[in-house]
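The values are calculated or read from the model by the stated rules, or taken from the named source; none is laboratory data. Given the structure is predicted, the values throughout are model-derived calculations rather than measurements. Cβ atoms come from the backbone with ideal geometry, glycine included; neighbour counts cover every protein chain shown.
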Amino acid sequence: MSENALETILENRRSQPHQLIEVLQDVQETFGYISEEAMTTVSKELGVPLIEVYRVANYYKAFSLAPRGRHIITVCMGTACHVRGAPRMLDEVRGQLGIEPGQTTSDGMFTLERVNCLGACALGPIVVMDGKYHRNMTPNKLRKLVQSVRETEKEVGADAA
Amino acid sequence: MQEYVNITIDGAKISAVRGTSVLDTAMEYGICIPHLCHYPGLSDIGACRLCIVEHIVNGKAKVTASCTLNVAEGMVIRTDTDRIKRLRRNIAELLVAQAPNSRAIQDVAVRCGVKQVRYPFHNDNCVLCGRCVRVCAEMWQAKALGFVGRGKDRHVDFPFGRKPDFCKSCNTCIDICPMTITPCPGPMKSGEEYLCLACEGQLTMADSLPGACVWCDLGKGFQCARQVQAG
Amino acid sequence: MPPKLKTLEDIKQLRESLTAQTADIGHTVTISGGTCGNASGSLKVVEAMRSELASNGFAGKVHVRVTGCQGFCEQEPIVIIDPANIFYCRVSPDDVPEIVNETIRKNQVIERLLYTDSATGEKITKESDIPFYLAQDRVLLSQNRKIDPCSIEDYIAIGGYSALAKVLGGMAPEQVIKEIKNSGLRGRGGGGYPTGRKWQQCREAAGDEKYVICNADEGDPGAYMDRSVLEGNPHAILEGMLIGSFAIGANQGYIYVRNEYPLAVINARKAIEQAKLFGLLSDDILGRHHFDIEIMRGAGAFVCGESTALMASLEGKVGEPRPKDVHTVQEGLWNKPTCLNNVETWANVPQIINKGAAWFASKGTEGSKGTKIFALTGRIKNTGLVEVAMGTPLRTIIHSIGGGPNDGVAIKAVQTGGPSGGCLPAEKFDLPVDFETLAKAGSMVGSGGMVVMDERTCMVDVAKYFIAFLQDESCGKCVPCRLGLSRMLEILTDITEGRGKPEQLDLLEDLGETMTETCLCALGKTAANPVLSTLRYFRQEYESHIQDKYCSAGVCRELIQYSIDPNNCTGCGACLKACPNKAITGESEKPHRINQDLCSKCGICKDVCKFEAISVC
């Protein structure tokens, strides 16, 4: 399965070193993270030294070298959000989930990320949950949001069982 | 067939080879410009910023690294102004406060006129000069090492953090590293670091001929290109 | 089958036929989409509107247009009904049936949905009367209002691609460059370099293969002007790049968009597809040019907004800047002559070609011509995008347009120019916003971010915030940036945690000046500005943190303490439940207590207390 997906990503891009970042972005989107095997294959197929692939994967924030949680919580820490109390969102999540930005909960459910400005500054503080933007957040609203995601997972699990 | 251009460094008219850097040209003529990440035979990356000089353009003095600045006809350079000396000293101060446990770093700091360190000492064992990375990629073509990570997480590493089988085990990365030789009075314990001014006397020699290379011991310490090339 | 526009006549005819079509429409309902709109639920409003109109027999008679950001972000979702120009704000899907029934069917205005002027308290009916808009000169933003960004026809109908037609219809490349030079347009990304001069240098550079790039990596936190233009009017940028590439002699262009702007990437890609379908991006554009544009995404690196780092990223490498002793107009992407300009710079080009250099130069000041979009955010009533002529005083932007303080707390400072800029105190609000004035005052226009701060903001904390940001984003290659930022952060942390010493202030200045002079790239060279500007204007805050261990804004956690007043505390337990560190204890209906050892000073308890029983000192 994963070999096919990687094949598709590499199609039409072989031996084109400048496509490295686009390829890694597709790998990140498809697999949720960039594995050592993926990096080794990309290095061979694109003709980029392995150390360079490893460097690029480590340099850019969009790439994760470890699998991430099922739900990604992104807290915006831009200036406008900061001035409106964004650090409290981080405090709230730290307290609730016990993880730092960049980490994933031990049950694999949540990954916490921070981002340095999403460009929706008038609506800050902003928290993104699984790609959906939530505006004018407060620690209270964030606690409820995390609860509701947990509850939905439980229901889905119960249905599946 | 070498082409020459005329440039002026510290008032001296110099005939420089087109395609060479201001740093190489200056050293060729015996003008001293301290440096750390520059190493003969390797490309220049302008990372340490110790080799800064003033490049006078239209009456304005721009501060720029001389290792990445190529000579051009009519170029006017000053290497030893008070401003440059102060900036260079501040940069060297940052370096020695970060990694004092190395003869090269201590010596280059003294050479740059550091007399006091205003920051609490750390005890890093890498200053990210990149000599190892460049020698591996350019001289040995192995590309087993690279700068990994960004900003304060930047460090030198192998792919995936493991020595690859294509590493040629030449050990040149170790030989060329400025951190491998401990300070003359011995390795410094964490929490007991200090600025070693034992060789400050070397500066008196240098001050008697300001800006000129006096083949000082400090240069030997930080593997100054002039002394490395001489063998 | 879309018409391939091969000649100028083709474009003119298409425009005329589109204008004729719209003349038949009864009502037009404009709803603002865009990232802010979506985050506020505007897409649901659009759905509700479409279905309500259809079920009421209005389909085909009422045109629904979804635009990008219009700039009045606080009031999203916005619904405007023309031709009466009725402006409804903060609309929810539940309001839609009433809007269709009352306003569309009966032309009645719904009072409760109207905008209330924050200054007078009056309700305003028409969009054209809204003070927030009236005080602006919305050269670029007004276009967002009129078009669906995913419709090239909308763009052509309002005059889009007519500047390209004018250029390819008979102007020489040198004429185009002269026009841009005479307009006085300067780079809108922060550098402020004269655009015409850059184009000329690139044109004159040796080599046949040249590139043009649009820098849409808008990384300054608090700035989103480029997002709104790229999302809401992507064709303006395509047209600008088409004109620029023709003038310079380039045949390949790139738009580098930061990947935190997914909607901008989608809309820009759609625009390119459509331009290709219509023959405006092809091997033979109106008989005189050939040009192609590719979108490349950033991958999360602020430093890639720096031109050499951006080009490295386009080449598939890590985004590390390189020295600019040889400029990128000579050796840029793939070492070829490259002209890189910001989104807003490109978007201004078609306007200048159409209306003339003199029109553009009639706005602004001697050294800073034209209009500029600012992202006005922070502690202010009307947050949003504001477009004004250069030279407009800060006071006008912050008080007249921005509406002044929120919550009645006095405004203390405005931060302009992002992490490369500085903080200006309220006493300086009479300064006109232009490149030279702000730079002399210790800040800069930058890309246009303007964050307003009030008495609840600690300026030392702001400096620390920016240095921490830059440390995170620095590529780390050069010593003065990497180690300089680390030491600055060390010192600022000492100061905000009560360990500061007086000599550290002079050290911050010495270090800051060293970074400004010796760092390799613009990120490092401007990194000290937030510290240097706050030291210049708010030194007393630093001193009181050091000498008195006192934070007047009540922000620096080590210097403050939260406590519960037993006289006001009703024991409701709201704070106990809300505390993320379980630092509050107490029995129901009895006064609660905060355990200072567990308290992280986050302030969440004070926010939730309804009895004002929690104070910070």
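Do you know which residues across region B:24-47 are under 21 Å from B:LEU203 (Cα atoms) and in contact (Cβ under 8 Å) with a residue 60 or more places away in the chain?
Within region B:24-47, B:MET27, B:GLY30, B:ILE31, B:CYS32, B:PRO34, B:HIS35, B:LEU36 meet the criteria.
Just give me the residues in region A:75-125 being in contact with a strand residue (DSSP E or B) (Cβ under 6 Å, 6 or more places away or on another chain), closer than 26 Å to C:ALA553 by Cβ and more than 7 Å from chain C (Cβ to nearest Cβ), in sequence order.
Those that are in contact with a strand residue (DSSP E or B) (Cβ under 6 Å, 6 or more places away or on another chain), closer than 26 Å to C:ALA553 by Cβ and more than 7 Å from chain C (Cβ to nearest Cβ): A:VAL75, A:CYS76, A:MET77, A:MET89, A:LEU90, A:VAL93, A:PRO101, A:ARG114.
Report yes if some residue within region C:391-414 is within 16 Å of the chain's Cα centre (by Cα), buried (at least 22 other Cβ atoms within 10 Å of the Cβ), not assigned by TED's automatic domain parsing to the domain that holds C:SER162 and not in a helix (DSSP H, G or I); otherwise report no.
Checked region C:391-414: at least one residue is within 16 Å of the chain's Cα centre (by Cα), buried (at least 22 other Cβ atoms within 10 Å of the Cβ), not assigned by TED's automatic domain parsing to the domain that holds C:SER162 and not in a helix (DSSP H, G or I).
May I ask you to list the residues in region B:56-113 that are of a type in the set (Val, Ile, Thr) and either surrounded by 17 or more Cβ atoms within 10 Å (Cβ to Cβ) or touching a Leu at 6+ places or on another chain (Cβ under 8 Å) (or both)?
Looking only at region B:56-113, we keep the residues that are of a type in the set (Val, Ile, Thr), and these are B:56-57, B:63-64, B:68, B:71, B:76-77, B:79, B:81, B:84, B:91, B:96, B:105, B:108, B:110.
Selection gives B:VAL63, B:THR64, B:THR68, B:VAL71, B:ILE77, B:THR79, B:ILE84, B:ILE91, B:VAL96, B:ILE105, B:VAL108, B:VAL110.
With respect to C:PHE435, is the statement that it is within 13 Å of another protein chain (Cβ to nearest Cβ), within 24 Å of C:ARG227 (Cβ to Cβ) and either of a type in the set (Lys, Arg) or out of contact with any Leu (no Cβ under 9 Å at 6 or more places or on another chain) (or both) true?
It is false that C:PHE435 is within 13 Å of another protein chain (Cβ to nearest Cβ), within 24 Å of C:ARG227 (Cβ to Cβ) and either of a type in the set (Lys, Arg) or out of contact with any Leu (no Cβ under 9 Å at 6 or more places or on another chain) (or both).
Would you please name the residue that is nearest to the chain's Cα centre (by Cα), looking only at residues in region C:54-74 that are free of Cβ contacts under 8 Å to residues at least 60 places away in the same chain and under 22 Å from C:THR125 (Cα atoms)?
First, pick out the residues of region C:54-74 that are free of Cβ contacts under 8 Å to residues at least 60 places away in the same chain: C:54-64.
Checking which are under 22 Å from C:THR125 (Cα atoms) leaves us with C:62-64.
Values: C:VAL62: 32, C:HIS63: 29, C:VAL64: 27 Å.
Within region C:54-74, the match that is nearest to the chain's Cα centre (by Cα) is C:VAL64.
Residues C:VAL349, C:VAL386: which one is surrounded by 24 or more Cβ atoms within 10 Å (Cβ to Cβ), outside any strand (DSSP E or B), out of contact with any Lys or Arg (no Cβ under 8 Å at 6 or more places or on another chain) and touching a residue at least 40 places away in the same chain (Cβ under 8 Å)? Can you show your working first?
Details: C:VAL386 fails: outside any strand (DSSP E or B).
One residue alone meets the criteria, C:VAL349.
Specify which of the listed residues (C:LYS525, C:LYS464) is closer than 29 Å to C:LYS440 by Cβ, more than 14 Å from chain B (Cβ to nearest Cβ), in contact with a helix residue (DSSP H, G or I) (Cβ under 7 Å, 6 or more places away or on another chain) and free of Cβ contacts under 8 Å to residues at least 40 places away in the same chain.
Result of the check over C:LYS525, C:LYS464: C:LYS464.
For B:ASP175, state whether it is assigned to a helix (DSSP H, G or I) and over 20 Å from B:ARG111 (Cβ atoms).
For B:ASP175, the condition - assigned to a helix (DSSP H, G or I) and over 20 Å from B:ARG111 (Cβ atoms) - is met.
How many residues does region C:275-313 hold that are among the charged types (D, E, K, R) and in contact with a strand residue (DSSP E or B) (Cβ under 7 Å, 6 or more places away or on another chain)? Full working, then the answer.
Filtering region C:275-313 for residues among the charged types (D, E, K, R) gives C:276, C:283-284, C:288, C:292, C:294, C:297, C:306.
Add one more test, that the residue is in contact with a strand residue (DSSP E or B) (Cβ under 7 Å, 6 or more places away or on another chain), and what stays is C:292, C:294, C:297.
Residues in region C:275-313 being among the charged types (D, E, K, R) and in contact with a strand residue (DSSP E or B) (Cβ under 7 Å, 6 or more places away or on another chain): 3 in total.
List the strands (runs of 3 or more DSSP E) that sit entirely inside region C:1-97 and contain at least 3 residues that are of a type in the set (Ser, Thr, Tyr) and within 20 Å of C:LEU114 (Cβ to Cβ).
C:27-32
Looking at region A:34-57 only, could you name the residues that are within 14 Å of chain C (Cβ to nearest Cβ) and surrounded by fewer than 20 Cβ atoms within 10 Å (Cβ to Cβ)?
Scanning region A:34-57 gives A:SER43, A:GLU45, A:GLY47, A:PRO49.
Being basic (Lys, Arg), within 28 Å of B:LEU195 (Cα to Cα) and either in contact (Cβ under 8 Å) with a residue 24 or more places away in the chain or touching a strand residue (DSSP E or B) at 6+ places or on another chain (Cβ under 7 Å) (or both) is true for just one of B:ARG89, B:ARG18, B:ARG78. Which residue is that?
Sole residue among the options that is basic (Lys, Arg), within 28 Å of B:LEU195 (Cα to Cα) and either in contact (Cβ under 8 Å) with a residue 24 or more places away in the chain or touching a strand residue (DSSP E or B) at 6+ places or on another chain (Cβ under 7 Å) (or both): B:ARG89.
Given (1) away from chain C (no Cβ under 11 Å); (2) touching a helix residue (DSSP H, G or I) at 6+ places or on another chain (Cβ under 6 Å); (3) β-branched (Val, Ile, Thr), identify the lone condition not met by B:ILE56.
Among (1) away from chain C (no Cβ under 11 Å); (2) touching a helix residue (DSSP H, G or I) at 6+ places or on another chain (Cβ under 6 Å); (3) β-branched (Val, Ile, Thr), B:ILE56 violates only (2).
The rows are residues; the columns are (1) outside the structural domain of C:ASP95 (by TED's automatic domain parsing); (2) out of contact with any Pro (no Cβ under 8 Å at 6 or more places or on another chain).
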{"position": "C:PRO2", "(1), (2)": "yes, yes"}
{"position": "C:LEU8", "(1), (2)": "yes, yes"}
{"position": "C:THR35", "(1), (2)": "no, yes"}
{"position": "C:ALA39", "(1), (2)": "no, yes"}
{"position": "C:SER42", "(1), (2)": "no, no"}
{"position": "C:ALA54", "(1), (2)": "no, yes"}
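What are the residues in region C:473-517 that are facing chain B (nearest Cβ under 10 Å), in contact (Cβ under 8 Å) with a residue 40 or more places away in the chain and in a helix (DSSP H, G or I), if any?
C:GLU473, C:PRO480, C:CYS481, C:GLY484, C:LEU485, C:GLN504, listed by residue number.
Out of the residues in region C:307-331 that are within 14 Å of chain A (Cβ to nearest Cβ) and in a loop (DSSP other than H, G, I, E, B), which is nearest to C:ALA522 (Cα to Cα)?
Among them, the one singled out is C:PRO321.
Scan region C:46-78 residue by residue and report those that are surrounded by 23 or more Cβ atoms within 10 Å (Cβ to Cβ), in contact with a Ser or Thr (Cβ under 9 Å, 6 or more places away or on another chain) and more than 27 Å from C:ALA223 (Cβ to Cβ).
none
Please work out if B:ARG134 is in contact with a Gly (Cβ under 7 Å, 6 or more places away or on another chain) and not hydrophobic (A, V, I, L, M, F, W, C).
Criteria not met by B:ARG134.
Here are the criteria: (1) within 14 Å of another protein chain (Cβ to nearest Cβ); (2) buried (at least 22 other Cβ atoms within 10 Å of the Cβ). Tell me which single one C:VAL91 does not satisfy.
Only one criterion in (1) within 14 Å of another protein chain (Cβ to nearest Cβ); (2) buried (at least 22 other Cβ atoms within 10 Å of the Cβ) is unmet by C:VAL91, namely (1).
Quick one: in region A:102-139, which of the residues that are surrounded by fewer than 17 Cβ atoms within 10 Å (Cβ to Cβ) and in contact with an Asp or Glu (Cβ under 8 Å, 6 or more places away or on another chain) is farthest from C:VAL257 (Cα to Cα)?
The extreme case among them is A:MET109.
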